[in-house]
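Colleague: Just passing along the structure, written as C-alpha coordinates.
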Amino acid sequence: MSDPVSKVQIMGILNVTPDSFSDGGKYTSVNEVYRQAEEMISAGADILDVGGESSRPFSNPVPVKEELDRVIPPIKAIRKNHSIPISIDTTKAEVAKAALGAGADIINDISALRFDSGMISLALETDVPIIIMHMLGNPKTMQFDPAYDDVVGEISGFLEERLLWAEEQGVSRDRFIVDPGIGFGKTVEHNLSILRHLSEFNKLGCPVLIGHSRKAFIGKILERDVEDRDIATAAVSALCTMNGASIIRVHDVEKTVQAVRMAEAVRDAK
(Lines give C-alpha, C1' and ligand atoms only; values in the text may rest on other atoms or scores of the structure.)
Protein backbone atom coordinates (compact mmCIF):
# COMPACT_ATOMS: atom_id res chain seq x y z
CA MET A 1 0.00 0.00 0.00
CA SER A 2 2.99 2.35 0.48
CA ASP A 3 4.12 1.76 -3.14
CA PRO A 4 3.47 5.12 -4.87
CA VAL A 5 2.28 3.39 -8.07
CA SER A 6 -0.25 1.14 -6.33
CA LYS A 7 -4.01 1.70 -6.29
CA VAL A 8 -5.00 4.51 -3.97
CA GLN A 9 -7.54 3.41 -1.35
CA ILE A 10 -10.70 5.50 -0.89
CA MET A 11 -11.92 5.74 2.71
CA GLY A 12 -15.54 6.79 3.13
CA ILE A 13 -16.40 8.89 6.18
CA LEU A 14 -19.30 7.72 8.36
CA ASN A 15 -19.76 10.27 11.14
CA VAL A 16 -22.28 8.99 13.69
CA THR A 17 -22.36 12.35 15.48
CA PRO A 18 -24.77 15.24 15.98
CA ASP A 19 -22.07 17.91 15.59
CA SER A 20 -19.45 17.02 12.96
CA PHE A 21 -18.60 20.03 10.77
CA SER A 22 -19.97 18.57 7.53
CA ASP A 23 -22.53 15.83 8.11
CA GLY A 24 -23.23 16.12 11.84
CA GLY A 25 -26.71 14.88 12.71
CA LYS A 26 -27.30 13.48 9.23
CA TYR A 27 -26.73 9.82 10.09
CA THR A 28 -27.99 9.18 13.61
CA SER A 29 -29.83 5.86 13.39
CA VAL A 30 -28.28 2.49 12.59
CA ASN A 31 -30.44 2.20 9.47
CA GLU A 32 -29.38 5.63 8.19
CA VAL A 33 -25.69 4.87 8.75
CA TYR A 34 -26.07 1.47 7.12
CA ARG A 35 -27.76 2.97 4.05
CA GLN A 36 -24.94 5.48 3.72
CA ALA A 37 -22.39 2.68 4.07
CA GLU A 38 -24.15 0.73 1.30
CA GLU A 39 -24.05 3.78 -0.97
CA MET A 40 -20.33 4.26 -0.32
CA ILE A 41 -19.58 0.60 -0.99
CA SER A 42 -21.56 0.74 -4.25
CA ALA A 43 -19.66 3.89 -5.23
CA GLY A 44 -16.33 2.11 -4.83
CA ALA A 45 -15.16 2.75 -1.27
CA ASP A 46 -12.26 0.55 -0.17
CA ILE A 47 -12.54 1.32 3.57
CA LEU A 48 -15.26 2.77 5.81
CA ASP A 49 -14.24 5.02 8.70
CA VAL A 50 -16.80 5.10 11.52
CA GLY A 51 -16.54 7.85 14.14
CA GLY A 52 -18.71 8.76 17.11
CA GLU A 53 -16.95 11.88 18.38
CA SER A 54 -16.58 15.10 16.42
CA SER A 55 -13.03 16.40 16.06
CA ARG A 56 -14.02 19.68 14.43
CA PRO A 57 -12.29 22.80 15.79
CA PHE A 58 -13.46 23.79 19.31
CA SER A 59 -15.45 20.57 19.83
CA ASN A 60 -15.81 18.91 23.25
CA PRO A 61 -15.02 15.27 24.13
CA VAL A 62 -17.81 12.67 24.29
CA PRO A 63 -18.20 10.21 27.22
CA VAL A 64 -17.07 6.65 26.46
CA LYS A 65 -20.54 5.11 26.83
CA GLU A 66 -22.10 7.63 24.46
CA GLU A 67 -19.39 7.04 21.88
CA LEU A 68 -19.83 3.28 22.18
CA ASP A 69 -23.60 3.60 21.78
CA ARG A 70 -23.04 5.56 18.58
CA VAL A 71 -20.43 3.41 16.82
CA ILE A 72 -20.90 -0.24 17.84
CA PRO A 73 -24.38 -0.88 16.35
CA PRO A 74 -23.50 0.43 12.85
CA ILE A 75 -20.18 -1.44 12.82
CA LYS A 76 -22.03 -4.67 13.65
CA ALA A 77 -24.66 -3.94 10.98
CA ILE A 78 -22.06 -3.28 8.28
CA ARG A 79 -19.94 -6.29 9.21
CA LYS A 80 -22.96 -8.59 9.19
CA ASN A 81 -23.43 -8.03 5.46
CA HIS A 82 -20.11 -6.76 4.07
CA SER A 83 -16.44 -7.74 4.23
CA ILE A 84 -15.14 -4.20 3.51
CA PRO A 85 -12.43 -3.07 5.97
CA ILE A 86 -13.83 -0.84 8.73
CA SER A 87 -11.80 1.75 10.59
CA ILE A 88 -12.78 3.04 14.04
CA ASP A 89 -12.06 6.74 14.42
CA THR A 90 -11.45 7.22 18.15
CA THR A 91 -8.85 8.32 20.68
CA LYS A 92 -10.22 6.00 23.38
CA ALA A 93 -8.81 2.49 23.88
CA GLU A 94 -12.08 1.18 25.31
CA VAL A 95 -13.98 2.29 22.23
CA ALA A 96 -11.32 0.97 19.86
CA LYS A 97 -11.28 -2.43 21.59
CA ALA A 98 -15.07 -2.77 21.50
CA ALA A 99 -15.12 -1.70 17.85
CA LEU A 100 -12.54 -4.32 16.91
CA GLY A 101 -14.63 -6.89 18.74
CA ALA A 102 -17.68 -5.77 16.75
CA GLY A 103 -15.91 -6.22 13.43
CA ALA A 104 -13.66 -3.21 12.83
CA ASP A 105 -10.25 -3.86 11.27
CA ILE A 106 -8.28 -0.61 11.68
CA ILE A 107 -7.68 1.90 14.50
CA ASN A 108 -7.70 5.56 13.44
CA ASP A 109 -6.34 7.63 16.35
CA ILE A 110 -6.06 11.36 15.65
CA SER A 111 -4.03 11.76 18.86
CA ALA A 112 -1.26 9.45 17.55
CA LEU A 113 -1.65 7.23 20.67
CA ARG A 114 -1.14 10.20 23.04
CA PHE A 115 -4.54 10.80 24.67
CA ASP A 116 -5.16 7.33 26.11
CA SER A 117 -2.30 5.23 27.50
CA GLY A 118 -4.42 2.15 26.91
CA MET A 119 -4.05 2.53 23.15
CA ILE A 120 -0.49 1.22 23.07
CA SER A 121 -1.55 -1.79 25.17
CA LEU A 122 -4.35 -2.48 22.70
CA ALA A 123 -1.89 -2.14 19.83
CA LEU A 124 0.30 -4.77 21.46
CA GLU A 125 -2.68 -7.10 21.99
CA THR A 126 -3.74 -6.94 18.33
CA ASP A 127 -2.15 -6.93 14.90
CA VAL A 128 -4.45 -4.41 13.17
CA PRO A 129 -3.20 -1.41 11.17
CA ILE A 130 -3.10 1.88 13.10
CA ILE A 131 -3.49 5.37 11.67
CA ILE A 132 -1.66 8.11 13.57
CA MET A 133 -2.20 11.80 12.87
CA HIS A 134 -0.47 15.08 13.61
CA MET A 135 -2.47 17.67 15.55
CA LEU A 136 -1.48 20.73 17.55
CA GLY A 137 -3.00 20.43 21.03
CA ASN A 138 -6.51 18.99 20.89
CA PRO A 139 -9.67 19.76 18.88
CA LYS A 140 -10.78 22.39 21.40
CA THR A 141 -7.49 24.34 21.17
CA MET A 142 -5.84 23.41 17.87
CA GLN A 143 -7.01 26.41 15.83
CA PHE A 144 -5.85 29.07 18.31
CA ASP A 145 -3.14 30.76 16.20
CA PRO A 146 -1.27 27.67 14.92
CA ALA A 147 2.34 28.47 13.99
CA TYR A 148 5.30 26.57 12.53
CA ASP A 149 8.80 27.48 11.38
CA ASP A 150 8.76 24.55 8.90
CA VAL A 151 5.32 22.98 8.74
CA VAL A 152 6.26 19.92 6.65
CA GLY A 153 9.49 19.30 8.55
CA GLU A 154 7.88 19.67 11.96
CA ILE A 155 4.96 17.37 11.12
CA SER A 156 7.34 14.79 9.67
CA GLY A 157 9.46 15.03 12.80
CA PHE A 158 6.44 14.55 15.05
CA LEU A 159 5.25 11.50 13.13
CA GLU A 160 8.75 10.00 13.11
CA GLU A 161 8.98 10.50 16.88
CA ARG A 162 5.64 8.75 17.40
CA LEU A 163 6.69 5.87 15.15
CA LEU A 164 9.98 5.45 17.01
CA TRP A 165 8.16 5.56 20.35
CA ALA A 166 5.70 2.88 19.21
CA GLU A 167 8.57 0.72 17.95
CA GLU A 168 10.26 1.04 21.35
CA GLN A 169 7.03 -0.24 22.93
CA GLY A 170 7.08 -3.24 20.61
CA VAL A 171 4.72 -2.22 17.79
CA SER A 172 6.23 -2.67 14.33
CA ARG A 173 6.43 0.35 12.03
CA ASP A 174 4.89 -1.65 9.18
CA ARG A 175 1.53 -1.56 11.00
CA PHE A 176 1.28 2.22 10.83
CA ILE A 177 -0.36 4.63 8.41
CA VAL A 178 0.56 8.32 8.83
CA ASP A 179 -1.74 11.31 8.44
CA PRO A 180 -0.29 14.86 8.44
CA GLY A 181 -3.60 16.16 9.77
CA ILE A 182 -4.99 18.65 7.26
CA GLY A 183 -6.95 21.26 9.22
CA PHE A 184 -5.84 20.07 12.65
CA GLY A 185 -3.95 23.07 13.95
CA LYS A 186 -3.10 24.50 10.52
CA THR A 187 -3.84 27.67 8.59
CA VAL A 188 -4.84 27.71 4.92
CA GLU A 189 -1.19 28.26 3.99
CA HIS A 190 -0.04 25.36 6.19
CA ASN A 191 -2.55 23.01 4.55
CA LEU A 192 -1.48 24.06 1.05
CA SER A 193 2.17 23.53 1.91
CA ILE A 194 1.43 20.03 3.22
CA LEU A 195 -0.41 19.16 0.01
CA ARG A 196 2.30 20.69 -2.19
CA HIS A 197 5.03 18.68 -0.45
CA LEU A 198 2.99 15.56 0.32
CA SER A 199 5.61 13.22 -1.14
CA GLU A 200 7.96 14.17 1.72
CA PHE A 201 5.85 12.09 4.09
CA ASN A 202 6.58 8.93 2.09
CA LYS A 203 10.08 9.12 3.54
CA LEU A 204 8.62 7.88 6.84
CA GLY A 205 8.23 4.46 5.23
CA CYS A 206 4.49 4.17 5.90
CA PRO A 207 1.37 4.60 3.76
CA VAL A 208 0.17 8.23 3.82
CA LEU A 209 -3.48 9.09 4.47
CA ILE A 210 -4.94 12.49 3.60
CA GLY A 211 -8.21 13.80 5.05
CA HIS A 212 -9.00 17.10 3.33
CA SER A 213 -12.66 16.49 2.49
CA ARG A 214 -14.88 19.61 2.59
CA LYS A 215 -12.53 21.29 5.06
CA ALA A 216 -12.44 25.00 5.88
CA PHE A 217 -9.36 25.81 3.82
CA ILE A 218 -11.29 24.84 0.67
CA GLY A 219 -14.16 27.08 1.72
CA LYS A 220 -11.83 30.00 2.42
CA ILE A 221 -10.04 29.70 -0.92
CA LEU A 222 -13.16 29.23 -3.06
CA GLU A 223 -15.74 30.97 -0.84
CA ARG A 224 -17.91 27.87 -0.88
CA ASP A 225 -20.17 26.56 1.88
CA VAL A 226 -19.36 23.15 3.34
CA GLU A 227 -22.04 21.33 1.29
CA ASP A 228 -20.57 22.77 -1.94
CA ARG A 229 -16.97 21.61 -1.66
CA ASP A 230 -17.03 18.12 -3.19
CA ILE A 231 -15.71 19.11 -6.63
CA ALA A 232 -12.77 20.90 -5.02
CA THR A 233 -12.27 17.94 -2.69
CA ALA A 234 -12.09 15.63 -5.72
CA ALA A 235 -9.58 17.94 -7.40
CA VAL A 236 -7.34 17.88 -4.32
CA SER A 237 -7.76 14.09 -4.17
CA ALA A 238 -6.38 13.84 -7.71
CA LEU A 239 -3.39 15.98 -6.76
CA CYS A 240 -2.77 13.83 -3.69
CA THR A 241 -2.84 10.74 -5.90
CA MET A 242 -0.10 12.25 -8.06
CA ASN A 243 1.92 13.24 -4.97
CA GLY A 244 2.09 9.85 -3.25
CA ALA A 245 -1.00 9.47 -1.05
CA SER A 246 -2.01 5.86 -0.32
CA ILE A 247 -5.41 6.48 1.30
CA ILE A 248 -7.81 9.39 0.74
CA ARG A 249 -10.53 9.96 3.32
CA VAL A 250 -13.66 11.66 1.94
CA HIS A 251 -17.38 12.23 2.34
CA ASP A 252 -18.30 11.94 -1.37
CA VAL A 253 -16.90 8.60 -2.48
CA GLU A 254 -18.33 8.62 -6.02
CA LYS A 255 -16.69 11.88 -7.17
CA THR A 256 -13.44 10.97 -5.47
CA VAL A 257 -13.25 7.52 -7.08
CA GLN A 258 -13.60 9.12 -10.52
CA ALA A 259 -10.96 11.77 -9.80
CA VAL A 260 -8.49 9.32 -8.28
CA ARG A 261 -8.86 6.66 -10.98
CA MET A 262 -8.20 9.30 -13.68
CA ALA A 263 -5.22 10.66 -11.78
CA GLU A 264 -3.82 7.11 -11.49
CA ALA A 265 -4.24 6.59 -15.22
CA VAL A 266 -2.20 9.73 -15.93
CA ARG A 267 0.36 8.90 -13.23
CA ASP A 268 0.93 5.38 -14.52
CA ALA A 269 0.92 6.20 -18.27
CA LYS A 270 4.01 5.09 -20.19
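The values are calculated or read from the model by the stated rules, or taken from the named source; none is laboratory data. Values in this document were obtained by computation on a predicted structure and should not be read as measured data. Backbone-built Cβ (ideal geometry, glycine too); neighbour counts: all protein chains shown.
Colleague: Taking the criterion of being farther than 23 Å from Leu48 by Cα and charged (D, E, K, R), would at least one residue in region 133-140 satisfy it? Outline the logic, then answer.
Modeller: Taking region 133-140 as the starting set, the residues that turn out to be farther than 23 Å from Leu48 by Cα are 136-138, 140.
If we keep only those that are charged (D, E, K, R) as well, we get 140.
Checked against the condition, which is being farther than 23 Å from Leu48 by Cα and charged (D, E, K, R), region 133-140 yields at least one hit.
Colleague: Can you pull out the residues in region 118-139 that are surrounded by 16 or more Cβ atoms within 10 Å (Cβ to Cβ) and touching a residue at least 40 places away in the same chain (Cβ under 8 Å)?
Modeller: Ile120, Ala123, Val128, Pro129, Ile130, Ile131, Ile132, Met133, His134, Met135, Leu136, Pro139
Colleague: Is it the case that region 143-154 has a residue that's over 22 Å from Leu204 (Cβ atoms), charged (D, E, K, R) and surrounded by 14 or more Cβ atoms within 10 Å (Cβ to Cβ)? Steps first, please.
Modeller: Keep residues of region 143-154 that are over 22 Å from Leu204 (Cβ atoms), which gives 143-145, 147.
Filter once more, keeping what is charged (D, E, K, R): 145.
Among the residues that remain, those that are also surrounded by 14 or more Cβ atoms within 10 Å (Cβ to Cβ) are: none.
No: zero hits.
Colleague: Looking only at region 193-228, which residues are aliphatic (A, V, I, L, M) and in a helix (DSSP H, G or I)?
Modeller: Matches in region 193-228: Ile194, Leu195, Leu198, Leu204, Ala216, Ile218, Ile221, Leu222, Val226.
Colleague: Another question, then. Can you tell me which condition Ala166 does not meet? The list is (1) within 20 Å of Gln9 (Cβ to Cβ); (2) touching a Lys or Arg at 6+ places or on another chain (Cβ under 8 Å); (3) surrounded by 21 or more Cβ atoms within 10 Å (Cβ to Cβ), and all the others hold.
Modeller: (1)
Colleague: Oh, and also: For Glu67, which of the numbered conditions (1) in contact with a strand residue (DSSP E or B) (Cβ under 7 Å, 6 or more places away or on another chain); (2) of a type in the set (Asp, Glu); (3) without any contact (Cβ under 8 Å) to a residue 40 or more places away in the chain fails to hold?
Modeller: Unmet for Glu67, out of (1) in contact with a strand residue (DSSP E or B) (Cβ under 7 Å, 6 or more places away or on another chain); (2) of a type in the set (Asp, Glu); (3) without any contact (Cβ under 8 Å) to a residue 40 or more places away in the chain: (1).
Colleague: Further question on the same structure: Answer yes or no: is there a residue in region 209-223 that is within 28 Å of Tyr148 (Cα to Cα), among the hydroxyl-bearing types (Ser, Thr, Tyr) and surrounded by 21 or more Cβ atoms within 10 Å (Cβ to Cβ).
Modeller: Step one: filter region 209-223 for residues within 28 Å of Tyr148 (Cα to Cα), giving 209-223.
Next, from what is left, pick out any that are among the hydroxyl-bearing types (Ser, Thr, Tyr): 213.
Next, from what is left, pick out any that are surrounded by 21 or more Cβ atoms within 10 Å (Cβ to Cβ): 213.
Checked against the condition, which is being within 28 Å of Tyr148 (Cα to Cα), among the hydroxyl-bearing types (Ser, Thr, Tyr) and surrounded by 21 or more Cβ atoms within 10 Å (Cβ to Cβ), region 209-223 yields at least one hit.
Colleague: Answer yes or no: is there a residue in region 241-258 that is of a type in the set (D, E, K, R), crowded, with 20+ Cβ neighbours inside 10 Å and under 17 Å from Ile131 (Cβ atoms).
Modeller: Yes, region 241-258 contains a residue that is of a type in the set (D, E, K, R), crowded, with 20+ Cβ neighbours inside 10 Å and under 17 Å from Ile131 (Cβ atoms).
Colleague: While we're on this one: Does Thr233 fit the bill of being touching a residue at least 60 places away in the same chain (Cβ under 8 Å) and crowded, with 17+ Cβ neighbours inside 10 Å? Before the answer, list the steps.
Modeller: Details: touching a residue at least 60 places away in the same chain (Cβ under 8 Å): no; crowded, with 17+ Cβ neighbours inside 10 Å: yes.
Here the answer is no, as Thr233 does not meet what is asked.
Colleague: Among the residues of region 154-168 satisfying the criterion of being in contact (Cβ under 8 Å) with a residue 40 or more places away in the chain and small (Gly, Ala, Ser), which is nearest to Glu189 (Cα to Cα)?
Modeller: It comes out as Ser156.
Colleague: Quick one: in region 28-63, which of the residues that are in a helix (DSSP H, G or I) and surrounded by fewer than 16 Cβ atoms within 10 Å (Cβ to Cβ) is farthest from the chain's Cα centre (by Cα)? Give the steps one after another, and end with the answer.
Modeller: The first filter runs over region 28-63 and keeps only residues in a helix (DSSP H, G or I), leaving 30-43.
Filter again for surrounded by fewer than 16 Cβ atoms within 10 Å (Cβ to Cβ), leaving 31-32, 35, 38-39, 42.
Details: Asn31: 23, Glu32: 21, Arg35: 21, Glu38: 19, Glu39: 19, Ser42: 20 Å.
Filtering region 28-63 for residues that are in a helix (DSSP H, G or I) and surrounded by fewer than 16 Cβ atoms within 10 Å (Cβ to Cβ), the one farthest from the chain's Cα centre (by Cα) comes out as Asn31.
Yes/no matrix, rows are residues, columns are (1) among the charged types (D, E, K, R); (2) modelled with pLDDT under 80; (3) within 15 Å of Lys76 (Cα to Cα); (4) out of contact with any Gly (no Cβ under 9 Å at 6 or more places or on another chain):
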position: Asp3; (1), (2), (3), (4): yes, yes, no, yes
position: Val16; (1), (2), (3), (4): no, no, yes, no
position: Gly25; (1), (2), (3), (4): no, yes, no, yes
position: Glu32; (1), (2), (3), (4): yes, no, yes, yes
position: Glu38; (1), (2), (3), (4): yes, no, yes, yes
position: Ala45; (1), (2), (3), (4): no, no, no, no
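Colleague: Suppose we keep only residues that are surrounded by fewer than 24 Cβ atoms within 10 Å (Cβ to Cβ) and among the aliphatic types (A, V, I, L, M) within region 68-85. Which one would you say is nearest to Glu32 (Cα to Cα)?
Modeller: Ala77
Colleague: Then there is this: Going by the structure shown, is Ile231 over 17 Å from Lys7 (Cα atoms), modelled with pLDDT of 95 or more and part of a loop (DSSP other than H, G, I, E, B)?
Modeller: no
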